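Some notes on the structure that comes next.
A short reminder: the numbers here are calculations on the coordinates, not readings from a lab. Just so it is clear, the structure is predicted and the values come from calculations on it, not from any experiment. Here the Cβ is made from the backbone with ideal geometry for all residues, glycine too, and neighbour counts use every protein chain on show.
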Amino acid sequence: MDSFSKAIELQPGRAEFFYNRGLALEKLGQSEKALDDLRKAVELNPKDADTLNNRGMLLWKTGNKEAALEDFERAVNLNSKHILARKNLGEVYLSQGLHEKAREVLEKAYDQNRKDGEVLTALGDACVSGGDLGKALNYYGRALRYASGDEQRSTVIAREAIVWEKRGKLDRATRAYEKAMQSATDPGIRDGLAAKVAELKAAMQQEKEQRRR
């Protein structure tokens, strides 16, 4: 950290020094100081898509969703091939209930890289939001091929489970939740998935009992 600060002291007009210190501060959990540095980096170099995207991500994490949206849109306008900025923009649109807009942005990111598991997952989410459950399963299935670790695999499988549950296929949903639980590395997530499995098994048992009457 001291080396970044020293570099800024010597050359306060270099945007990359503020950018690098901002990223370091974010890793230390100092969000406000990190934002100050990223704002300065954008001020010094307003046409850098990476800086705008990273500032947008931090703004999003700190709850400033409108400002985050502006940064992601600016980043994409400056660099139409910035896949991460497109993915982030799509997820912001999705959080606002704009599933068609989200899907349009995410499909462009997918066209640029058809093996990005996170983009494929986000596309699946956009399809679920729009009610296109069959297409969502298609995207989630492809996302699994390119998942970059157990946690991402668990996330995608859990999304598939949600779709099966929405379709009323409780048995398939249960199996998917169990599979997601096996891949989950976070104890809290595992506990949540286990609770969901127990809930669906109870629901299926209740259905069986009702059919016997």
*Taking the convex hull of the alpha carbon atoms in the range 1-92, what volume per residue do you get, in Å³?*
81 Å³
*Express in whole angstrom the spacing between the alpha-carbon centres of the range 165-195 and the range 107-159.*
17 Å
*Which value in nm describes the separation of the simple spin-label points at residue 77 and residue 112, placed 7 Å from the Cα toward the beta carbon?*
1.6 nm
*If you bin every alpha carbon distance in the range 152-201 into 10 Å steps from zero, what whole percent lands in each bin?*
33, 58, 9
*Considering only DSSP states other than H, G, I, E and B, which trypsin sites (Lys or Arg not before Pro) in the range 77-180 qualify as loop sites with at most 15 other Cβ atoms within 10 Å?*
81, 114, 115, 167, 169
*Relative contact order of the chain, pairs being alpha-carbon contacts under 8 Å that are 6 or more residues apart, as %*: 9 percent
*Compute the distance in nm between two label points, each set 7 Å from the Cα along the Cα-to-Cβ direction, one at residue 67 and one at residue 135.*
3.5 nm
_Under the Karplus curve 6.51 cos²θ - 1.76 cosθ + 1.60, θ = phi - 60°, whole-Hz ³J(HN,Hα) for the range 92-101, x wherever Gly or Pro sits_ = 5, 4, 5, 5, 8, x, 8, 5, 5, 5
*asked:* Averaged across orientations, what area in nm² does the convex hull of the alpha carbons in the chain project?
replied: 13.6 nm²
*Which value in deg cm²/dmol, rounded to the nearest 500, describes the helix-derived mean residue ellipticity at 222 nm for the chain, given -39,500 (n - 2.57) per DSSP H run of n ≥ 4 and division by the residue count?*
-26500 deg cm²/dmol
